[in-house]
1. Per DSSP H run of at least 4 residues, take -39500 (n - 2.57); add these up for the chain, divide by its residues and hand me the 222 nm value, nearest 500 deg cm²/dmol.
2. With +1 on the Cβ of every Lys and Arg and -1 on the Cβ of every Asp and Glu, and nothing else charged, how large is the dipole of the chain about its Cα centre, in debye rounded to the nearest 20?
3. Under 5 Å between amide hydrogens, which residues at least 5 positions from ALA185 or on another chain qualify, with H placed 1.01 Å from N in the peptide plane?
4. Pop a pseudo-label 7 angstrom from the Cα along the beta-carbon direction at both GLU12 and ASP73 and give the gap in nm to one decimal.
5. Per residue of region 267-277, what does 6.51 cos²θ - 1.76 cosθ + 1.60 with θ = phi - 60° give for ³J(HN,Hα)? Whole Hz please, x for Gly and Pro, Karplus curve as stated.
6. At 1.4 Å probe size, with the rest of the protein present, what percent of the exposed accessible area of region 208-260 is carbon and sulfur atoms?
7. In the P(r) worked out for the chain, what percent of Cα pairs fall beyond 27 Å?
8. Tilt of helix 7-17 relative to the longest C-alpha principal axis of the chain, in degrees (0 to 90, nearest 10)?
Amino acid sequence: MRIIHNLDEMTETARGWLAGGSVGFVPTMGSLHQGHISLVQAAHQECEISVASIFVNPLQFEESDDLLSYLRDLSRDLQLLSTTNIDVVFIPRTEDIYPAGFSTFVMPTSPLWAVQPAKGTGSRIYARGVATIITKLFQLVRPDIAYFGRKNAQQIAIVRQVVRDLNIDVGLRILPTVRESDGLALGSRNHFLTHPERQAASVLYRALLAGKALVDVNVRNCAEIEKAMMDLVVTEPLVNLDYVKVCHSDTLSSVDTIVPGTMLMIAAHIGKVHFIDNIIWRGGTNWLL
Ligand code: AMP
């Protein structure tokens, strides 16, 4: 496992790979857990060279508090990565990625991933931050395939748009959400929760399953499904719902009637911890959970 901090060293190394095998890349913000590791393992299995990056991207945070409180534990991350067969861990420094005078941003203008109220992953600041950093990381690492978890639907929509609009030569692989036994999606900050908060957090996945149960008995009206999901979340007073959205999984545009490819999305916060999750109906009994 080789660790690279320096941008020129990353560029040189990636240039050396051009004639070699395929490069699989897993971008992360660190605080790694089994969700990230599942992506690393897929990259290792499917590509000759696997690279993960760890970079907490200041550009995608609206609130400086959220950036400052973002969990960082590099030695633990490296220890976890050393249990995989990852070839390179790229850990650039913030001052190298955004040096004084940095002034070029990638700004997607599609409103589709912005949800009302546009907060966190639904905001334009977030879209610009993700689009800019992923463009820079793709330039530096030059991957053939980049790996993302399905949990963050906005991130995937933004990356797809950037890759298409800027003709970036990279394949995108989207992998399933890794969950706790009660369905809560693994997340870096899950263990910040107190015991009662942690128990309440399971309502997010239960709400998604309540929506699924309606679809499974042929309910097709999105408003009815959204209402059932919201009604369940309000039974947990510790959970503050940000939004429930029923939309198309490719475009994130709202739909009135459920069709194959429809995504049920949920976002909430408990204390200062933000959660997002989604499931996708593929038609019939086929769900991506
Ligand atoms: P982050 O470090 O939060 O930016 O996430 C890095 C990547 O890990 C993104 O592609 C996320 O979608 C993915 N990820 C985060 N949590 C999970 C999870 N529970 N299961 C699968 N992938 C995840």
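1. After summing the helix terms and dividing by the residues of the chain, the value is -11000 deg cm²/dmol.
2. Using only the charged Cβ atoms, the result is roughly 280 debye.
3. Those lying under 5 Å, H to H, from ALA185 are GLU180.
4. 3.4 nm
5. So the J values, rounded to whole Hz, are 9, 7, 10, 10, x, 9, 8, 9, 10, 9, 7.
6. Reported share for carbon and sulfur atoms: 56 percent.
7. When all Cα pairs of the chain are counted, 41 percent exceed 27 Å.
8. It is inclined by approximately 90 degrees.
The values are calculated or read from the model by the stated rules, or taken from the named source; none is laboratory data. Bear in mind the structure is a predicted one, so any value in this text is a computation, not a measurement. We place every Cβ from the backbone using ideal geometry, glycine too, and count neighbours over all the protein chains shown. Accessible surface areas use protein heavy atoms only, side chains included; no ligands, DNA or RNA. Shrake-Rupley method; radii C 1.70, N 1.55, O 1.52, S 1.80 Å.
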